[in-house]
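Structure first, commentary second.
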Amino acid sequence: MKGTIAIEEAIIDLAGVEAHTFAQFQTLMRPGSDQTSGLSAHEKRLFDIHDERLKSMDEHGVEYMLLSLTSPGCQAEADPEKAKKMAQVANDYLAGEVEKNPQRFGALAALSMHNAQDAAEELKRAVKELGMFGGLVNDFQSKGSEGGEKVYFDTSEYETFWEAVQELDVPIYFHPRYAIPQDLKSGTKYGDRKHLLGAGVQFHLDLSWHLYAICSSGIFDRYPKVQIVAGHLGEGIPFNLWRASHWINHPFKRGSRPMKQDYSYYWTHNVSISTSGNYNTRGLKFCIEEIGLDRCMYAIDTPYETVEEGQNWWKTVDLPADQKEAVARTNAIKLFKLPLDM
């Protein structure tokens, strides 16, 4: 079977549910719903790998999925030791599930990003011992006694991590997360506008800032082989690349900017995008033209989107056959070094 390869597909493990029940996100995902009921139906879809998910893959033509712990994962755990343990447990669980059917599933490692050393060590363990194909982080790391501190990964404290990423030669997927409780208080930008939360608006606005920070930090100059992936057609950044690069290239910026190149350079050398949850054919064609065919990959975003919807859209995408094959399969095989036939 040669079908599509979907690279941003979420799961949950029992330990993760116990540590961070989905009840806390119930009223954000479904306004007006009962928070005490949790998201049992959604949890069931996340738990499922080998039953309905696989049946749907077979029915609609998905050859392979790269699975990852659903957002916010370890990034929501403010306690460093708990987050470290959470990543280890989730990765052991996911590796065991992949082992049951490695022809159809692979995995990206969950990582605690409280410090670079722990993140690097867990990524090395996940890749070298568990057979994972990269890592996934959910925007910033929550930190502090009340989880109100946001830690981003573009600072000098994360050099050890990025050095390990380059050494392992595996991609890091950047995924969004919901706003933290401190940003939902009355008087804050989201607190008074909760309808903006989530995938439609808040996710790409918040994560795109972090992606710009990573690109502008000089990380890719010091570690030029590092590759990252941004879902949802690049969280909107490809459509702003000309303007962002135009302004960072101004003479009054060039002398003080921390990076050697502009944003467009890094998005054609170090960043790839996926179609996860953004089934916009014209948008995909623009991304192919803007950052290159080899930097665009297919994803569904299950179970937040359905396999059926993703595949039904994909069948309508009117790209030349070689381009469609590259986005659907071969680009992912090359980037993640998947054990699949080209």
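Numerical summary
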| read-out | value |
| --- | --- |
| Tally of residues being open to solvent by 40 Å² or more (accessible area, probe 1.4 Å) and within 19 Å of Phe203 (Cα to Cα) across the range 265-280 | 3 |
| Selection from the range 333-342 of residues that are at pLDDT 95 or above and either outside any loop (DSSP other than H, G, I, E, B) or open to solvent by 70 Å² or more (accessible area, probe 1.4 Å) (or both) | Ile333, Lys334, Leu335, Phe336, Lys337, Pro339 |
| Sole residue being touching a Leu at 6+ places or on another chain (Cβ under 6 Å) and at negative phi, chosen from Asn278, Asn249, Asn270 | Asn278 |
| Residues that are in a helix (DSSP H, G or I), open to solvent by 10 Å² or more (accessible area, probe 1.4 Å) and more than 16 Å from Ala213 (Cβ to Cβ), drawn from the range 238-264 | Phe239, Trp242, Arg243, His246, Pro251, Phe252, Arg254, Ser264 |
| Residue satisfying all of: in the range 80-110; outside any helix (DSSP H, G or I) and basic (Lys, Arg); least open to solvent (accessible area, probe 1.4 Å) among these | Arg104 |
| Top-ranked residue of the range 281-332 - restricted to ones that are in a helix (DSSP H, G or I) and of a type in the set (Phe, Trp, Tyr), ranked as surrounded by the fewest Cβ atoms within 10 Å (Cβ to Cβ) | Phe286 |
| Unique residue being open to solvent by 30 Å² or more (accessible area, probe 1.4 Å), of a type in the set (Val, Ile, Thr) and free of Cβ contacts under 8 Å to residues at least 12 places away in the same chain when the list is Thr188, Thr155 | Thr188 |
| Residues being assigned to a helix (DSSP H, G or I), out of contact with any Lys or Arg (no Cβ under 7 Å at 6 or more places or on another chain) and open to solvent by 30 Å² or more (accessible area, probe 1.4 Å) - total across the range 220-237 | 2 |
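The values are calculated or read from the model by the stated rules, or taken from the named source; none is laboratory data. Here the structure is a predicted model, which is why all the values come from computation and not from measurement. Here the Cβ is made from the backbone with ideal geometry for all residues, glycine too, and neighbour counts use every protein chain on show. Surface areas here come from the heavy atoms of the whole protein model, side chains and all, with no ligands, DNA or RNA. Shrake-Rupley method; radii C 1.70, N 1.55, O 1.52, S 1.80 Å.
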